[in-house]
Amino acid sequence: MGRAGGRRGMTAVVGSCWISLPAWCGPLPALLLALLVAGSCEGNSVERKIYIPLNKTAPCVRLLNATHQIGCQSSISGDTGVIHVVEKEEDLNWVLADGPHPPYMILLDGNLFNRKVMQQLKGTSRVSGLAVSVAKPSPPQGFSPGLKCPNDGFGVYSKDYGPQYAHCNRTVWNPVGSGLSYEDFDFPIFLLEDANETQVIKQCYQDHNVPTDGSGPEYPLCAMQLFSHMHAVTSTVTCMRRNSIQNTFSINPETVCDPLLDYNVWSTLHPINASEKVDPKKEFIMVATRIDSHSFFWNIAPGAESAVSSFVTHLAAAEALHKASDVHLLQRNIMFTFFQGETFDYIGSSRMVYDMEKDKFPLRLENIHSFVELNQVALRNGSILWMHTDPVSRLNATVEPQVKNLLDILSNSSVGANITLQEVGFSQPLPPSSFQRFLRARHIPGVVLSDHQASFQNRYYQSMYDTPENIQMQYPEGLSPEETLEYVTDTAKSLAEVATVVARALYRLAGGANDTSAIQADPKTITQMLYGFLIKMNNSWFQSIIKPDLKGILGDEVPQHYVAVSSHVNTTYLVQYVLANLTGTVINLTKEECLNPEKAPNAEKEMYDYAWVQGSLDPNSTSRVPYCVRSTVRLSKALSPAFELREWGSTEYSTWTESRWKEIRARIFLVASKELEIITLVVGIAILVLSLIATHFINAKADVLFSIPRDPGAVSY
Amino acid sequence: MTLAVFFGCTFIAFGPAFSLFLFTIARDPLRIIILIAGSVWGWGPWATSGHRAFFWLVSLLLSSLIWFIAVKASDPHDEPLQKGLLIFGVMFSVLLQEAFRFLYYKLLRKAIEGLVALSEDGCSPISIQQMAYVAGVGFGLMSGAFSMINLLADALGPGTVGIHGDSQLYFLTSAFMTMVLIFLHTFWGILFFHGCENRRWWEIVAVVVMHLAVSGSTFCNPLYVGSLVPSYVLMAIAAVWAYMLSGGSVQNLRRFLLCAQSEASPQPAS
């Protein structure tokens, strides 16, 4: 199975077939065999009588870092067990003690998917796997499989830098975090995304498995099989070493794990030459957000509050600034940065800092005048937006006045707006943020804006419930997709206020002196972005702003923001093109010139990026009107420097890798009783023995049996 | 544990055929050649519930191709039409197999002439009845293999039939159906060749009718009694008929049974 098979191609893997015909096969048998093989791939009729495949599932897969493996896996041929539905904690007794048919496959209600239950299941051999159904509505007490102290050890606080703040000693940022995502389970766990499939399983359980009067149910029993065998084990150190051994010695190397990687998206307010170093005296205001999220299950990462709310606000602020009339007069440049892979120990930001230090990036760290980060901004309590700063660097006499200035400008920018910016207490450290990676390298004055004063407002941090509902995105009933795209929700309006304040503050920070009341973020753009990044990527706006060859990435399913191991996940592409659309200009170039700007007479290839986008549908026809967009949007690699340096045991840089796998699938079926199986075997043996004896006697006495006609009979000699 | 089902079904379906092969065919190279040729010839119509070996394959391929084209060309949601097409496919395949059986007879006839020419004493080392029997086993084996092979693969588990409400006994009944089919093909082979040899057309017609009837009875599924009972009844009839044709009689049978009981007093062969 190729790379694609192990990666995204989950559905493609199902029913994989190997057509290998012996060389001696003539054309006719070969054709027949091919027919047979093709038939068996679609699942032959006997298979359809036995199995119901579960198509809409998400597995929990294995990830590895320098020291640990986390996630789940099945045995190589899949794990099977009798289904037991657990909807209350009491139901667990049957699984853990009373049930007569272990091991069990548990269909677990989403509300019970918590640390307490999982610890019980982990400690028993009576469980062969788990299928989790989505709780609707989301669990009211909150649910976060992430850590209580996210990205601990990879931020700025350590025993050498503010030791009193290290390991979330002062503030536990994610108190509902159960850390389930970071546990290792030796049985498979799947998410059932489709309520109908959950219902099918429950029905099968009702029909066959419900215990009667305390005694066990009768065979046949309904069972489930989960396949999610993982190739990598132990840690990134081990699996990367195996990869390199394979690559060195094997003719047909089989990679067992891949580092998480993608691209950061960045652009500048004033164009800069991306192929050479920026003048050290040039100052930049750096604005940052993360664009990835995570959950317990592979490629389930809606991240509405933890990523989308802030990067959408960031995009809107960038648009508002670009629209301002006098931005070209600003003395400082502004850099808009969207970091990928931040969930996994700051992959994107640590790489950008590394590149800046190693002169592999147009900017150096010295160019950064100040840093503004947006970090979970949709769930504001009242109208307060909190400004977090680093207490350690503020002890430095040169940094403190700069931070004070930064805070003042931000506070003043909110005058007249519905938002109040407030400083959190001086003794509180920074929340988990990309800014911490920059602080590790240099004392840069900076601020992190968020909706939480201390611990997160978000009760569903890094979980499958961090959905549009979590940030109160509500649409009236009965809207068409197009109307939903345009409908301005309250969430969009409130994020627009944040974006406006941020844009005005950035204008001031960059040295703008004029009245800022004209700088205004557009709630309409924000609502469109929220719809596109949270509900459906395949909408008319996204269609019109991307390259024609990328239209395949726009799917109708719910967008997910997992960083993954294949570069250019959809989120990266879309942030790139949305940013280009919002901050770029339409330029009158032909398709050829746009695709090869060096051929165009007055295009500045070094300064700008040119993109040929497919444009919106012509209202009078079915064709699109493509055009060329010029922007300063660029990508930079977001692969942890640990892999660049081949330091797979690094404690400084992220070392997260994702294991490979061959097959991920789930199915339910009935299992027969042992008695019936034994009966079948005994009958078979009896028939075989009986026919051997009978044939022997008939053959021995053939002359007696077939004697009248002179010519010997069929069986005689 | 489902290995038990796999081996159980294999023994039921192929145990009798294996015994026949072991005691009556395996010792004679010529018979093995005829068996293999017969089984390959019969590879024809496997779209039906089951049928014979190269000849069997050829007829199988042709009829399944026609069925495949017909199904693809028609509306897949038209249930009665699909059912009709399936019935048509089965009937067509039965007729095709029987046509191939006839061709095989013709071929063997030619082979006998060759064998006679080669032999020193001027008579064939194998009679046409023996050929008929061996060819019948060959056809039967291949048809059995085709009706059973998918099933056996799925019998390995872990699941068993029944999640859509089908009978638990699906594997068991299918194995018994395969067993009866192999027997039927053997007897039909004898009957058919005898009919051809002696120009007794009603025997050939009887084979075709029985074949159609057995294939038709499988449409009673999932009411397995509806297909198994008639098939076994037909098998009994075909067995008796074939026995009579190959030189058997009630008297012989009685002598055989007596002889089997009292091994001490062997009857002289007549």
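Using a 1.4 Å probe over the heavy atoms of the protein chains, calculate the carbon and sulfur portion of the accessible area of region B:135-270 as a whole percent.
In region B:135-270, the share of accessible area belonging to carbon and sulfur is 71 percent.
Report A:Trp648's accessible area, 1.4 Å probe, all protein chains in place, as a number in Å² to the nearest 10.
Solvent-accessible area, nearest 10 Å²: 40 Å².
Using the basic label-point model (7 angstrom from Cα toward the beta carbon), what is the B:Ala236 to B:Asn198 distance in nanometres?
Taking the two extended label points, one gets 2.4 nm.
Could you tell me the accessible area of B:Lys106 in Å² (1.4 Å probe, neighbours in place), rounded to the nearest ten?
Around 100 Å² of this residue is reachable by solvent.
Looking at region B:67-201, I'd like the Rg to Rh ratio, where Rg is from alpha-carbon atoms and Rh is Kirkwood's inverse mean 1/r.
Here Rg/Rh amounts to 1.12.
Compare the Cα positions of A:Gly142, A:Pro188, A:Pro103 along the charge dipole of chain A (+1 at Cβ of Lys, Arg; -1 at Cβ of Asp, Glu; about the Cα centre) and return the one farthest towards the positive end.
Of A:Gly142, A:Pro188, A:Pro103, it is A:Pro188.
Determine, at each q value in 0.18 (inverse angstroms), the log₁₀ of I(q)/I(0) that the Debye formula gives when each Cα of region A:45-167 is one equal point scatterer.
Each listed q corresponds, in turn, to -1.12.
Restricting to Cα pairs below 8 Å that are 6+ residues apart, what does the relative contact order work out to for chain B? Please round to a whole percent. Intermediate results must be reported in sequence, preceding the final value.
On the way: 401 pairs, mean separation 58.6, N = 270.
Relative contact order comes out at 22 percent.
What shape does region A:111-181 take by its C-alpha gyration tensor, where a ≥ b ≥ c are the square roots of the eigenvalues and a/c under 1.5 counts as rounded, a/b above b/c as prolate, and the rest as oblate? Write down the numbers at each step before the final one.
On the way: a/c = 3.53, a/b = 2.00, b/c = 1.77.
Note, shape of region A:111-181 comes out prolate.
Round to a whole angstrom and tell me the spacing of the C-alpha centers of region A:471-536 and region A:146-188.
Going from one Cα centre to the other spans 32 Å.
What do you get for the angle between helix A:309-323 and the principal long axis of chain A? Use alpha-carbon atoms, 0 to 90 degrees, nearest ten.
So the inclination is approximately 40 degrees.
Which links in A:Lys148/A:Lys637; A:Lys277/A:Lys360; A:Lys277/A:Lys547; A:Lys277/A:Lys358; A:Lys116/A:Lys148; A:Lys493/A:Lys524 stretch past 19 Å when you go from one Cα to the other?
Over 19 Å Cα-Cα: A:Lys148/A:Lys637; A:Lys277/A:Lys547.
Quick check: the angle from helix B:3-20's long axis to the longest principal axis of chain B, C-alpha only, nearest 10 degrees?
30 degrees
Calculate the spin-label point distance for A:Asp618 paired with A:Ser250, positioning each point 7 Å from the Cα along the beta-carbon direction, and give it in nanometres.
5.3 nm
Computed from the mean reciprocal separation of all distinct C-alpha pairs, what Kirkwood hydrodynamic radius does region A:440-576 have, in Å?
Across region A:440-576, the inverse of the average 1/r is 17.5 Å.
Looking at chain A, which longest stretch skips every one of the GluC sites (Glu not before Pro) that is in a DSSP loop with at most 11 other Cβ atoms within 10 Å, leaving the sites themselves out?
Result, exposed sites excluded: A:277-476.
Expressed as a whole percentage, what fraction of the accessible surface of region A:295-371 belongs to carbon and sulfur atoms when a 1.4 Å probe is rolled over the protein heavy atoms?
44 percent
With +1 on the Cβ of every Lys and Arg and -1 on the Cβ of every Asp and Glu, and nothing else charged, how large is the dipole of the protein assembly as shown about its Cα centre, in debye rounded to the nearest 20?
Here the size comes out at about 1700 debye.
Classify region A:355-407 as rounded, prolate or oblate, taking a ≥ b ≥ c as the square roots of the eigenvalues of its Cα gyration tensor: rounded when a/c is under 1.5, otherwise prolate if a/b is larger than b/c and oblate if not. Don't skip to the answer; put the middle values down first.
Values: a/c = 3.05, a/b = 1.49, b/c = 2.05.
Judged from the Cα gyration tensor, region A:355-407 comes out oblate (a/c at least 1.5, b/c at or above a/b).
Name the residue from A:Ala505, A:Pro468, A:Ile519 whose Cα lies farthest towards the positive end of the charge dipole of region A:437-535, charges +1 on Cβ of Lys and Arg and -1 on Cβ of Asp and Glu.
Projecting each Cα onto the dipole axis, the largest value belongs to A:Ala505.
Work out, in µm²/s and without decimals, the Stokes-Einstein translational diffusion coefficient of region B:177-247 at 37 °C, 0.692 mPa s, Rh from Kirkwood over C-alpha pairs.
Using the Kirkwood radius from Cα pairs, D works out to 269 µm²/s.
In terms of modelled amide H atoms, which long-range or inter-chain residues lie less than 5 Å from the amide H of A:Tyr161?
When sequence neighbours closer than 5 places are left aside, there are no close amide H contacts.
Going by alpha carbons, how many degrees (0 to 90, nearest 10) lie between the helix axis of B:201-217 and the longest principal axis of chain B?
30 degrees
Take the Cα radius of gyration of region A:215-259 and divide it by 2.2 N^0.38 Å, with N its residue count; two decimals is plenty.
Cα-based Rg divided by the globular estimate yields 2.04.
For region A:575-717, report the accessible area per residue in Å² (1.4 Å probe, heavy atoms, rounded to an integer). If you can, show how the numbers build up before the last one.
Numbers: 6790 Å² over 143 residues.
With all protein chains present, region A:575-717 gives 47 Å² per residue.
Convex hull over the alpha-carbon atoms of the protein assembly as shown: what's its volume per residue in Å³?
Values: hull volume 225.7 nm³, N = 987.
Looking at the protein assembly as shown, the number lands at 229 Å³ per residue.
Quote the charge dipole size of region B:68-148 about the Cα centre in Debye, to the nearest 20; the model charges only the Cβ of Lys and Arg (+1) and of Asp and Glu (-1).
60 debye
Once you wrap a convex hull around the alpha carbon atoms of chain B, what is its projected area averaged over all directions, in nm²?
Approximately 17.5 nm², given one-decimal rounding.
So, with +1 on the Cβ of K and R and -1 on the Cβ of D and E, and no other charges, what is the size of the charge dipole of region A:304-453 about its Cα centre, to the nearest 20 debye?
220 debye
As a test of the definition: with a 1.4 Å probe, what buried accessible area, both sides summed, do you compute for B against A, in Å² to the nearest 100?
For chain B against chain A, roughly 5300 Å² becomes buried.
Using the Cα atoms of region A:39-100, I'd like the radius of gyration and the largest Cα-Cα distance, Dmax, both in angstrom.
Gyration radius and largest Cα-Cα distance of region A:39-100: 17.1, 47 Å.
So the label point goes 7 Å from the Cα of B:Cys123 along Cα→C-beta, right? Which residues of region B:227-250 then have their backbone N under 17 Å from it?
Those under the cut-off are B:247.
Return one quarter of the surface area of the convex hull spanned by the alpha-carbon atoms of region A:188-250, equal to its mean projected area, in nm².
One quarter of the hull surface, i.e. the mean projection, equals 7.9 nm².
Keeping every protein chain in place, order B:Ser119, A:Ser235 by accessible area at 1.4 Å, biggest value first, i.e. largest first.
B:Ser119, A:Ser235
Leaving out ligands, DNA and RNA but keeping every protein chain, what accessible area does B:Met177 have, in Å² rounded to the nearest 10, with a 1.4 Å probe?
Result for B:Met177: roughly 20 Å² accessible.
Tell me, what % of the accessible area of region A:548-634 is carbon and sulfur with a 1.4 angstrom probe?
Ligands and nucleic acids excluded, carbon and sulfur give 48 percent.
Tell me, what is a quarter of the convex hull surface for the C-alpha atoms of region A:282-323, in nm² with one decimal?
Mean projected area for region A:282-323: 4.0 nm², to one decimal.
To the nearest 0.05, what FRET efficiency results for A:Gln164 and A:Ala97 with a Förster distance of 51 Å applied to their C-beta separation? Display every interim value, and only then the final one.
Values: r = 47 Å, r/R0 = 0.91.
That gives a FRET efficiency of 0.65.
Around A:Ala513, with a cut-off of 14 angstrom between Cβ atoms, what is the net charge of the other residues, counting Lys and Arg +1 and Asp and Glu -1?
That sum, taken over residues with Cβ under 14 Å, equals +1.
Mind checking which of A:Asn169, A:Trp386, A:Tyr219 is farthest towards the positive end of chain A's charge dipole, using Cβ charges of +1 (Lys, Arg) and -1 (Asp, Glu) about the Cα centre?
Value computed over the given set: A:Asn169.
Tell me which residues come under 5 Å, amide H to amide H, from A:Val127 once H is placed; ignore anything under 5 positions away on its chain.
Those lying under 5 Å, H to H, from A:Val127 are A:Tyr104.
Kindly identify region A:411-462 as rounded, prolate or oblate by the Cα gyration tensor criterion: order the square roots of the eigenvalues as a ≥ b ≥ c, call it rounded if a/c is under 1.5, otherwise compare a/b with b/c, prolate if a/b is larger, else oblate.
oblate
Okay, helix-only estimate at 222 nm for chain A: each DSSP H run of n ≥ 4 adds -39500 (n - 2.57), divide by all residues, round to 500 deg cm²/dmol; what do you get?
-8500 deg cm²/dmol
The values are calculated or read from the model by the stated rules, or taken from the named source; none is laboratory data. This structure is a prediction, so every number in the text was calculated from the model and none was measured. Cβ sites come from the backbone with ideal geometry, for glycine too, and all protein chains shown count toward neighbours. In case anyone asks, the SASA skips ligands and DNA or RNA and just uses the protein heavy atoms, side chains included. Shrake-Rupley method; radii C 1.70, N 1.55, O 1.52, S 1.80 Å.
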